[in-house]
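Enquirer: Dropping a structure here in structure tokens format, bear with me for questions.
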Amino acid sequence: MLKFIFVLILNLSFVQNENGGKEYPPYDGWFNNRDNPSSGVIDSTLCRRLPTHYEDGVSAPSGAKRPNPRLVSNVIMAGESGKASYNNKTALFAFFSQHVLSEIVNVQSNQCPPEPFNIPLLENDSLNPQKKKFFLMPYERSRYDTSNYGSSPNHPRNQLNDVTSFLDGGSIYGSQKSWANQLRLFNSTCPMRTRTSNLFASQKNPTDCRGELKSLNDEGRFPGQNDVGLFYENHFDPRDHKIKKTESFYLLGNKQGEENPFLLSLEIMWFRHHNWLAMKLRDDVAHSDWTDEQVFNEARIRNIAVHQKIVMHEWLPILLGHNCNTSNPVDCDVITPYKGYNPGSPVGVTNVFQSAAMRYIDTLTPPGVFVRGNYDSSTKVCVFYNMTRETAGDDENFEQQHIGKPALRLLNTFWNSHEAINEFDIDKLLMGMSSQIAEKEDNVITPDIREGYYGSRRFSRVDAVAMTIQQGRDHGLPDYNTARRELGMAERRNFEEINPQIFQEDQNEGGKLLENLKSVHRGSIQLLDIFTGGLLETRNGNPGELFRFLIKEQFEKIRDGDRFWFENDKSGLFTTNEIEEIHNVSIRDVILRTNPTMNPSEDLQENPFLWDMTDGKAPACGQPFQLKDSDMEGCTELETYDYFENDQVSFAVVFTGLGVFVFVAIASMYLVGESTKMLRERKRNRATPADEENVTRKAMEILGRNNKCKEVQIQKTADNSIVLKSGKNRRLLEFKGHVEIYVSKDKGRRSMFVRTSRATYDLVLKFETSRECEDFIEVLRNSFHASGVSFSTLALSEKELFREAKMKDARDEELKNFFRTALGKSMNLDLDENRNVPDPSRSHELITTRLSQDEFAEYLNLKANSGFVRQMFQIAGSDENDFITIREFLNIIVLFEKGNTPEGKLKLMFDMYDLDKTGRLSADDFKNMLKSMLESINSKIDLDNLDQHVNEIMTSSGCFSRTGLTFDDFKSLVEDHETHLCACKLNIPDESTKKKRKTKLERFRESFKGVEDIGFSSKNNLDDRISSVRIQQHPGKLKKMKVVVEKYVEHYRLCIFWVGLYTWVTIGVFLYAFNAASSNKQSGLGFITGYAVPLARGAAGALMFNFSTILLTMCRNTITFLRETFVHRYVPFDYAVTMHKIIAWMGMFFSVVHVVAHGINFYSIVTQSPSDLLCYFRDYWYSSDFTPSFLFWCLQTITGVAGVALSMTLIIMYVYACDYARRFIYNVFHWTHFFGYILVYFFTFMHGSAMMVQMPSFYLYFLGPGILYTLDKLYSLSRRHQAVPVVNARHLPSEVLHLEFIRPPHFHYKAGQWVRIASLDQSHNEYHPFTLTSAPCEANLKLHIRAVGPWTRNLRSSYAPENLDGKPYPKLYLEGPFGEGHQDWDKYDVSVLIGGGIGVTPFASILKELSDPHHKHGISCKKVYFIWVARDQRQFEWLSEIIEKAEQTSDMLSAHVFITQIPHKFDLRTTMLYICEKHFHKVAGRSMFTGLKAQTHFGRPNFEEFFEFLTIEHSVEKSRLKRSQSFGVFSCGPPGMTKSIEESCVKLNSRKGPLFCHHFENF
């Protein structure tokens, strides 16, 4: 109701003048009929004069069995042009008919989404030049009312009319007031106008321009140009296959006015007539006070009235039958006299009128038009112009055909109207059309309509006749006989009855029209279309009975139902005298008024619609001849167009570029990472200018003659030796004796090698530049001079230099033969015949080969400079130069490998350290033994502790009071470990068992499983029991699988539930969006893209859900709070990070789906025509001459640009979120994520804001999580920028920094929780996470931070005493605490805490809590096993105090320490250290290495065996359990360790017994 009132007020305001006195006719037809306001309005439906005959009764086109329309056109409507109209109708009449039709009906707009209803073409068809077997002439179904039609038989499809159904000047002013306003001048005065500057300037007052329409350059000749962007119909010119810019179009009311120059001439004529009327009104003294609005409206209604009069009283009578005999109207009809306005008259245009009856005018249309000049009274002739270059276009071939032709060819002027208008003006075209006789009224239609009509860019020429027939079927018209029957006419029983006269005439001319008609329609008149049958009824120059009836009825209803018809004296528009004046105006008057250059008595006949030589006007201006198509140039060829052709490269570049961008991002990540590592390395290696010789240099070390090389770092040491580093490999080159330096003398001088008597092979180097090479040689010379080493320098060519040098490959081959021969002789090894057995001829070379101490240590995996190795060399009897021969090496092998008794091996060890050969080991000797063993395995121990340990061992053995240990005392010391001594060897590598080197990750993971350990040792005797405990169960595969599934589900039941629920919700969102898009038939994209658009929309819905809910996993404060409530029982908050990654992976999957789907969509879109695209994307607008390319949609729309930017942002985020980035360039990872999320949400909002496909909906998903995350972040920010003072900072061993700082008020946390800190000394905004090592009961907060990266190194440095210089400790920003799984250690009956290296920090707080007597009464945990795995004992020092206190105060703790630096295999060194550790622990009750009660173990623990032990040690009968038994396993360390623990838990969970629940964190 409100809408109705609004439209009423709006329209009344439009149609009344400013005084409110007169109501003017509306532009859009609304409220013309007050009883039915929407009758005949713009965009109203066509009326149904005949019942619909849709195949399905609803919308499917009719006539499925009728013949091919193109075949009908070729057979029935084809024929020779050039036959004159029966009653001399002129070409002006034919084109005026087109003008009238465009005034009341326009159904050229296609349905949105487009529905193709194409017409098949035969191979030999002239419109199929390539002779394709399957070729279609495109046709798209007409637009229809989707609001209430096309859904059921009660509401079948009904097409829409783009204009009003009234003769209301819509083709002159437009069918909307807003359109008409753009045509108006809206000026009351034009100061620059003169009497001659404007065609219709007032002679009384030339500057007065009230009420005018805009004219080009204010000249009055042509309408203004379309510089305001009105949307006109604009098709590709079929002649040049180009499209004109709509800015060059004239401002007209008719959207199709520029179709051809003859129609455009009539549109310009009516434009001029309006301004002529306005001039007359202005010049009238009675109207001198009228405003611009009044003058315009009065001129408009008079112009419309004249137009109505001409149509109804001049044009229509001729169409219905010229000079009709009313007494016997066989071939004609007389218009019923006007009886006044009838509100009950339906004014809507009918389908049958539009799609059949009114297309009768096509038979009149000539193939071209003469251009005629004025009558020359001197020569008594009228000049007819031949065609010039100005109307030939740009094609030279066409120009040659066109110039000199007698007339403008219709089919070559489509959408080229301005050429003829500019060349000849409209007067010459109007005179030419009025002098030319139209085509004969019969079944034949000119080829310009039937084969040369304009189409689209994709198909430049079409058959308008076939399109008319197809349109009738599209609109559901019945067959010809049904139409006659419904209209009360007699049906035709056969084809002959349609029109015997036309068939007879055709037969007389030798035609076969009737025969062809029957053949095409397979002998059935029921297959005859209305248009075909109605056209065949034509006789004596007039439409047949069917068409005459429909045309007459339509125009009479329009007249009678128009309240503003000029003859309605009750409308208030005109007085009786004014109506009479309008009746006196003819089409001839209008032409003469608008073309002052014409001579009324000589240039134009009395009735321009008819050529009559007897009327006395224009006597010598008749057409030179009846024009036919062969008199003019031929039709340009049909051209097709592929819209994707010009987009192939850009399409491939964009999507390939997006894929390449992934690799670019990866490459940039590695580049940034490696550059960062290089900068750090350079910073560490940077030397001062005064220490120039100690600068680290880089070069390539040549290892062999096959160009094998490696990059090394070269540095000179303080003792003038050279150290070469490559990765973890290190080579020391000492210069003693004579040194030879060989330098390349070739161009470049970059290569050299150094030969020394102490090196087993030469050092061959190649530098980047000759300058670097020369600098290094100079350093060597200076060093040799300083140390007194003699040297010589020799220059060789590079080829000679490499031939002279003994490289590493040659030495490796030498050593290979050396060791194989030695092992074969000492151990009786069978050498495989496939091996490279040393050549007997090289025996002398083999015997003289000497082994250096470094090579010996490397082969046995020992430390080269350790005392143990030196002692072995002394036993072997090495020479003064620290080399041993093959015989001496054999002696060592035999001593260590052949001795089968412990006593023999003990004697060897005893003799190695009995340096003075007294038969006794003093305390110092024994200390040297332990020290050398520790050194050989890169382990260390404080000397003070070592003295204490040795004294305690010797005291316990009763040897301290004596002068030392005898061999018997030494043997008694280890008598309990004979088994281990028997098994120990030297661990010589066996060549026969060597395999391909595994990756670092594989070696790292394997080091944590399958290790034969000494065992766990504690007061519960774990070390004695663990090796023997096995759960030997061999269930069937199905039972085992059942147990595995049960345990897995029991362990991860909450995770499975929530991940499953989230996955199903995501799938649901995807399916909902998919279904919504696929069921949206109005958008139409599904018709061209298939399921790609629903797939993209489904993926977009899932993405919006994923990227919104991922914020929930980042609400740290909310998660920490909720995990302390009962909600923690139902939601696994500890897996928030895991859930974050799962959601991220889902997002990546749907992002790829979305991008791929849109790739398909883009291809489908760019293959469509511009007009169709405006249908698909109704919120977009562009000029009709613009063809949107792929780059337009992708890079020039908000949606496209945002989508590309969003894709690139996601690529960067995902790439920089990998482990490599987080490890080496954490800051880059942090900031790409920080800004990445901002950009993702911004671009996501922008991506949907343009509403290209649907209304934006991202906010619906984002609102809840976004608000929660914002509040959570604001809470963090409220606490983040409060500086916390540091009260204590200590540097601990192993690069560990201990920080103690003030605990903020209301800071509550649990053991195992973590915080994020930022150092004010570095960056206020760079936060890093660390686990609190203080107990909740402590007053201050504590952190232990290991310096492993640039930020932590800088942090440790900023708290170094030498850097503080008396200043207070730098303050910290603190954020947290945040919860994690480690804080739940007390919820299990048995908890196992496993820390790897610095990963022990989460357990420091727990250990402190265990030592708190007040806390342990409130926990349910009965036993805690603490296992710390670290490289050496120095890493335990900072935590030893905490562990020791926990051991003293808690009886529930069992601690175990593993030193991985000491080899786990039982060679001689490890066995002796283990024996000493056993004795010391037995005597002192604490470890020799850590000082703790827990015994120190060597190697890495076997977690599977340990968990097996726990299963036996803490198993409970099922009858005593109220719930299933679960053991908590909490680990923190490197991924390899946590992975090994996880695998062990999975193995134990695959068996019957308790459930091992593993919670882990990696670093």
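Enquirer: Identify, please: which residue in the range 219-266 is among the polar types (S, T, N, Q) and within 25 Å of Thr207 (Cα to Cα) and is, among those, surrounded by the most Cβ atoms within 10 Å (Cβ to Cβ)?
Expert: Step one: filter the range 219-266 for residues among the polar types (S, T, N, Q), giving 225-226, 234, 246, 248, 254, 256, 260, 265.
Applying the additional criterion that residues be within 25 Å of Thr207 (Cα to Cα) yields 225-226.
Details: Gln225: 15, Asn226: 21.
By that ranking, first place goes to Asn226.
Enquirer: Within the range 1210-1264, can you find the residues that are among the small types (Gly, Ala, Ser) and out of contact with any His (no Cβ under 7 Å at 6 or more places or on another chain)?
Expert: Answer for the range 1210-1264, where residues must be among the small types (Gly, Ala, Ser) and out of contact with any His (no Cβ under 7 Å at 6 or more places or on another chain): Ala1221, Gly1236, Gly1248, Ser1249, Ala1250, Ser1257, Gly1264.
Enquirer: Here are some residues: Ile1119, Ile1142. Which one is open to solvent by less than 30 Å² (accessible area, probe 1.4 Å) and more than 22 Å from Phe1243 (Cα to Cα)?
Expert: Just one listed residue meets the conditions, Ile1119.
To keep it simple, each residue is scored yes or no on (1) surrounded by fewer than 21 Cβ atoms within 10 Å (Cβ to Cβ); (2) at pLDDT 80 or above; (3) over 15 Å from Thr1511 (Cβ atoms); (4) among the charged types (D, E, K, R).
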| residue | (1), (2), (3), (4) |
| --- | --- |
| Ser1524 | yes, no, no, no |
| Val1529 | no, yes, no, no |
| Cys1532 | no, yes, yes, no |
| Lys1539 | yes, yes, yes, yes |
| Ser1544 | no, yes, no, no |
| Arg1551 | yes, no, no, yes |
| Pro1554 | no, yes, no, no |
| Asn1562 | yes, no, yes, no |
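Enquirer: Quick one: how many residues across the range 89-111 are in a helix (DSSP H, G or I) and within 22 Å of Asp448 (Cα to Cα)?
Expert: As a first pass, look at the range 89-111 and keep what is in a helix (DSSP H, G or I): 91-104.
After this cut, where a residue has to be within 22 Å of Asp448 (Cα to Cα) as well, the list is 91-102.
Total meeting the criteria: 12.
Enquirer: Let me ask something else about it. Among the residues that make up the range 181-192, is at least one of them among the charged types (D, E, K, R), crowded, with 16+ Cβ neighbours inside 10 Å, assigned to a loop (DSSP other than H, G, I, E, B) and in contact with a helix residue (DSSP H, G or I) (Cβ under 9 Å, 6 or more places away or on another chain)?
Expert: No, every residue in the range 181-192 fails to be among the charged types (D, E, K, R), crowded, with 16+ Cβ neighbours inside 10 Å, assigned to a loop (DSSP other than H, G, I, E, B) and in contact with a helix residue (DSSP H, G or I) (Cβ under 9 Å, 6 or more places away or on another chain).
Enquirer: Which ones in the range 1279-1297 are surrounded by fewer than 16 Cβ atoms within 10 Å (Cβ to Cβ) and at pLDDT 75 or above?
Expert: Residues satisfying the conditions are Ala1283, Pro1285, Val1287, Asn1288, Arg1290, His1291, Glu1295.
Enquirer: Ok, one more. Please tell me if Gln308 is closer than 24 Å to Val41 by Cβ, within 58 Å of the chain's Cα centre (by Cα) and of a type in the set (S, T, N, Q). Reasoning before the result, please.
Expert: On the way: closer than 24 Å to Val41 by Cβ: yes; within 58 Å of the chain's Cα centre (by Cα): no; of a type in the set (S, T, N, Q): yes.
When the stated conditions are applied, Gln308 does not pass them.
Enquirer: Can we say Val311 is within 24 Å of Arg559 (Cα to Cα), β-branched (Val, Ile, Thr), modelled with pLDDT of 95 or more and open to solvent by less than 20 Å² (accessible area, probe 1.4 Å)? Explain how you work it out, then say what you get.
Expert: Values: within 24 Å of Arg559 (Cα to Cα): yes; β-branched (Val, Ile, Thr): yes; modelled with pLDDT of 95 or more: yes; open to solvent by less than 20 Å² (accessible area, probe 1.4 Å): yes.
So Val311 fits the description; yes.
For (1) over 22 Å from Arg359 (Cβ atoms); (2) free of Cβ contacts under 8 Å to residues at least 40 places away in the same chain; (3) open to solvent by less than 70 Å² (accessible area, probe 1.4 Å); (4) in contact with a Cys (Cβ under 9 Å, 6 or more places away or on another chain), each residue gets a yes or a no:
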| position | (1), (2), (3), (4) |
| --- | --- |
| Asp474 | no, no, yes, no |
| Thr482 | no, no, yes, no |
| Arg485 | no, yes, no, no |
| Asn494 | yes, yes, yes, no |
| Glu497 | yes, yes, yes, no |
| Arg522 | yes, no, no, no |
| Ile525 | no, no, yes, no |
| Phe531 | no, no, yes, no |
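Enquirer: Kindly provide the set of residues from the range 372-410 that are out of contact with any helix residue (DSSP H, G or I) (no Cβ under 9 Å at 6 or more places or on another chain) and of a type in the set (Lys, Arg), ordered by number.
Expert: Once the filter is applied, which keeps residues that are out of contact with any helix residue (DSSP H, G or I) (no Cβ under 9 Å at 6 or more places or on another chain) and of a type in the set (Lys, Arg), the range 372-410 yields only Lys380.
Enquirer: Among the residues of the range 112-143, which ones are in contact (Cβ under 8 Å) with a residue 60 or more places away in the chain and either outside any strand (DSSP E or B) or touching a Gly at 6+ places or on another chain (Cβ under 6 Å) (or both)?
Expert: Cys112, Pro113, Pro114, Glu115, Phe117, Ser126, Leu127, Pro129, Pro138, Tyr139, Arg141
Enquirer: Sticking with this structure for a sec: Select from the range 1307-1329 the residues that are over 18 Å from Ile1119 (Cβ atoms) and hydrophobic (A, V, I, L, M, F, W, C) and list them in ascending order. It would help to see each step written out before you state the result.
Expert: Narrowing the range 1307-1329 to residues over 18 Å from Ile1119 (Cβ atoms): 1317-1326, 1328.
Residues satisfying the conditions are Ile1317, Ala1318, Leu1320.
Enquirer: Kindly state which helices (runs of 4 or more DSSP H) lie completely within the range 1136-1251 and contain at least 1 residues that are within 21 Å of the chain's Cα centre (by Cα).
Expert: Ranges flagged: 1136-1166, 1190-1195, 1198-1215, 1226-1249.
Enquirer: Additional query: Does Gly1084 count as out of contact with any Asp or Glu (no Cβ under 9 Å at 6 or more places or on another chain) and of a type in the set (Gly, Ala, Ser)?
Expert: So Gly1084 does not fit the description; no.
Enquirer: Ok, one more. Being assigned to a loop (DSSP other than H, G, I, E, B), within 21 Å of Trp179 (Cα to Cα) and touching a Phe, Trp or Tyr at 6+ places or on another chain (Cβ under 6 Å) is the filter here, so list the residues in the range 196-221 that pass it.
Expert: Gly211, Gly220
Enquirer: If you don't mind, another one. Which condition from (1) open to solvent by 30 Å² or more (accessible area, probe 1.4 Å); (2) in contact with a helix residue (DSSP H, G or I) (Cβ under 8 Å, 6 or more places away or on another chain); (3) charged (D, E, K, R) is the one that Arg1223 breaks?
Expert: Failing condition for Arg1223: (2).
Enquirer: Can you say whether Gly1098 is open to solvent by less than 30 Å² (accessible area, probe 1.4 Å) and under 21 Å from Ile1142 (Cβ atoms), as far as the supplied structure shows?
Expert: It is true that Gly1098 is open to solvent by less than 30 Å² (accessible area, probe 1.4 Å) and under 21 Å from Ile1142 (Cβ atoms).
Enquirer: Between residues in the range 409-428 that are without any contact (Cβ under 8 Å) to a residue 60 or more places away in the chain and residues that are part of a helix (DSSP H, G or I) and surrounded by fewer than 22 Cβ atoms within 10 Å (Cβ to Cβ), which pairs lie under 7 Å by C-beta distance while being six or more apart or on different chains?
Expert: Once the first residue is without any contact (Cβ under 8 Å) to a residue 60 or more places away in the chain and sits in the range 409-428, its partners that are part of a helix (DSSP H, G or I) and surrounded by fewer than 22 Cβ atoms within 10 Å (Cβ to Cβ) give Glu423/Glu390.
Enquirer: If Asn148 passes every condition in (1) outside any loop (DSSP other than H, G, I, E, B); (2) under 41 Å from the mean Cα position of the chain (by Cα) but one, which one does it miss?
Expert: Condition (1) is where Asn148 drops out.
Enquirer: I've got another one for you. Of everything in the range 551-592, what is in a loop (DSSP other than H, G, I, E, B) and within 60 Å of the chain's Cα centre (by Cα)? Give them in sequence order. So that I can check it myself, show each step before the final result.
Expert: Just the residues of the range 551-592 that are in a loop (DSSP other than H, G, I, E, B), to begin with: 561-575, 584-586.
If the condition is that a residue be in a loop (DSSP other than H, G, I, E, B) and within 60 Å of the chain's Cα centre (by Cα), then Gly561, Asp562, Arg563, Phe564, Trp565 are the ones that fit.
Enquirer: Could you grab me the full set of residues in the range 645-663 that are over 19 Å from the mean Cα position of the chain (by Cα) and either modelled with pLDDT of 85 or more or of a type in the set (D, E, K, R) (or both)?
Expert: Across the range 645-663, the qualifying residue is only Glu645.
Enquirer: Which condition from (1) assigned to a helix (DSSP H, G or I); (2) crowded, with 17+ Cβ neighbours inside 10 Å; (3) at pLDDT below 95; (4) not small (Gly, Ala, Ser) is the one that Val58 breaks?
Expert: Every listed condition holds for Val58 apart from (1).
Enquirer: Quick check, is Arg195 modelled with pLDDT under 90 and within 23 Å of Met598 (Cα to Cα)?
Expert: yes
The values are calculated or read from the model by the stated rules, or taken from the named source; none is laboratory data. All figures in this text were calculated on a predicted structure; none of them were measured in a lab. We place every Cβ from the backbone using ideal geometry, glycine too, and count neighbours over all the protein chains shown. Quick note on the areas: whole protein, heavy atoms, side chains included, nothing else; ligands and nucleic acids left out. Shrake-Rupley method; radii C 1.70, N 1.55, O 1.52, S 1.80 Å.
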